[in-house]
Amino acid sequence: MNSIIDDLKFQYKIGGIANKMIYWNVGLFLLSIIFFYQFKLGLFDFPNWLAISSEPNIVLLKPWTLVTYAFLHYGFLHLFFNMMVLNFSSRLFLTFFTQKQYLGLYILSAIFAGLCFVFSFYLLHQTSSMVGASAAIMALLVATTTYQPLMEIRLLLIGNVKLWHITAVILLLDLLQIQMNNTGGHIAHLSGAFFGYIYIKLLQNGTDLSKIVDAVLNIFNKKQTTPFKKVHVNAKKPTVKRESKIVVKDKTQQQLDEILDKISQSGYDSLTKEEKEFLFRAGK
């Protein structure tokens, strides 16, 4: 048992943001079974401080629910299918974009879809609550499709299809079922998809919305600076020369790294005469 836990911890530590996101969703689902599953009724009863409510006044008092709902699920099948599509969408998205952009899109699309859910149900004069990662997952899928619609995906028993074909079918199913059942969920899916499209269009024009989430996280993760400690130096044993050597070595290594990066990006011929001479001397 310990080896399984250690292996899970190791996989979480070395895995990227997509792997961590799946761990968070699954972990919170297991916790929610303990605290919120009504075994007599056979369903989950999430409180309004975790699930997002369609009541605007509740959301105003509990704004964090615009994020927390996107990490909870109503049942095993709900979780299973969402994690399958999340894994699929994550791999595609991270082929072209960074992990910070991934996290930013996941969080911002969840917030946007949650607001659309509240606004639409307010107009419809209906009351409900919602949980699920589907809106954020749709945002990841549509964002990748917007950026690379002709990307070919191999599907079992079907063969190669264009990415936009898969996305179009999923969106069409949401549109067809929006008035049949789970209206709030389908509204959230379509809202997340719309946000994913806008996100990529803004990114292509030079506006990276993920920097908003990154800036907020940096505020919370900002470490306190260590207090200044006065260092007493023995005058008989000056360390000036030793410090000078370390600085020179760091600068040399930094310059070497920059030249190697330049070669990997543009080739050896892109180096200047001075850079080639420096590389030759460093090689000796």
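Filtered by the rule that a residue be in contact with a Ser or Thr (Cβ under 7 Å, 6 or more places away or on another chain), farther than 13 Å from Tyr199 by Cβ and not small (Gly, Ala, Ser), segment 123-143 gives Gln126, Thr127, Ile137. Checking the stated criteria, Val216 turns out not to satisfy the condition of being farther than 22 Å from Gly104 by Cβ and either touching a strand residue (DSSP E or B) at 6+ places or on another chain (Cβ under 9 Å) or without any contact (Cβ under 8 Å) to a residue 24 or more places away in the chain (or both). Looking at segment 100-112, can you tell me whether even one residue there is part of a helix (DSSP H, G or I) and surrounded by fewer than 17 Cβ atoms within 10 Å (Cβ to Cβ)? Taking every residue of segment 100-112 in turn, at least one turns out to be part of a helix (DSSP H, G or I) and surrounded by fewer than 17 Cβ atoms within 10 Å (Cβ to Cβ). Just so you know, in segment 68-84 the residues that are out of contact with any strand residue (DSSP E or B) (no Cβ under 9 Å at 6 or more places or on another chain) and surrounded by 18 or more Cβ atoms within 10 Å (Cβ to Cβ) include one that is nearest to Asn48 (Cα to Cα), and it is Phe71. Here Ala113 clears all of (1) touching a Leu at 6+ places or on another chain (Cβ under 9 Å); (2) within 19 Å of Thr183 (Cβ to Cβ); (3) modelled with pLDDT under 95 except the condition numbered (3).
To keep it simple, each residue is scored yes or no on (1) within 17 Å of the chain's Cα centre (by Cα); (2) under 25 Å from Tyr37 (Cβ atoms); (3) modelled with pLDDT of 95 or more.
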{"position": "Ser54", "(1), (2), (3)": "no, yes, no"}
{"position": "Gly75", "(1), (2), (3)": "no, yes, no"}
{"position": "Thr95", "(1), (2), (3)": "yes, no, no"}
{"position": "Tyr122", "(1), (2), (3)": "no, no, no"}
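Beta carbons closer than 9 Å, at least 6 apart along the sequence or on distinct chains, pair a first residue in segment 200-212 that is farther than 12 Å from Tyr102 by Cα and modelled with pLDDT of 90 or more with a second that is in a loop (DSSP other than H, G, I, E, B) and not β-branched (Val, Ile, Thr) for Leu202/Asp208; Leu202/Leu209; Leu203/Phe97; Leu203/Leu209.
Across segment 26-67, what is the number of residues that are assigned to a loop (DSSP other than H, G, I, E, B) and surrounded by fewer than 16 Cβ atoms within 10 Å (Cβ to Cβ)? Adding up the residues that qualify gives 10. Taking first residues from segment 15-36 that are closer than 25 Å to Gln99 by Cβ and partners that are aromatic (Phe, Trp, Tyr), the Cβ contacts under 6 Å between residues at least 6 apart in sequence or on separate chains come to Ile17/Tyr102; Tyr23/Tyr12; Trp24/Phe71; Asn25/Phe71; Leu28/Phe71. Within segment 190-200, restricting attention to residues that are touching a helix residue (DSSP H, G or I) at 6+ places or on another chain (Cβ under 7 Å) and not small (Gly, Ala, Ser), the residue that is farthest from Phe112 (Cα to Cα) is Ile200. Could you list, in sequence order, all residues of segment 182-220 that are crowded, with 19+ Cβ neighbours inside 10 Å and of a type in the set (Ser, Thr, Tyr)? Within segment 182-220, Ser191, Tyr199, Ser210 qualify. Go through the residues of segment 164-176 one by one and say whether even a single one is assigned by TED's automatic domain parsing to the domain that holds Ile212, in a helix (DSSP H, G or I) and closer than 20 Å to Val213 by Cα. Looking through segment 164-176, none of the residues is assigned by TED's automatic domain parsing to the domain that holds Ile212, in a helix (DSSP H, G or I) and closer than 20 Å to Val213 by Cα.
The values are calculated or read from the model by the stated rules, or taken from the named source; none is laboratory data. These numbers come from a predicted model, not from an experiment. Backbone-built Cβ (ideal geometry, glycine too); neighbour counts: all protein chains shown.
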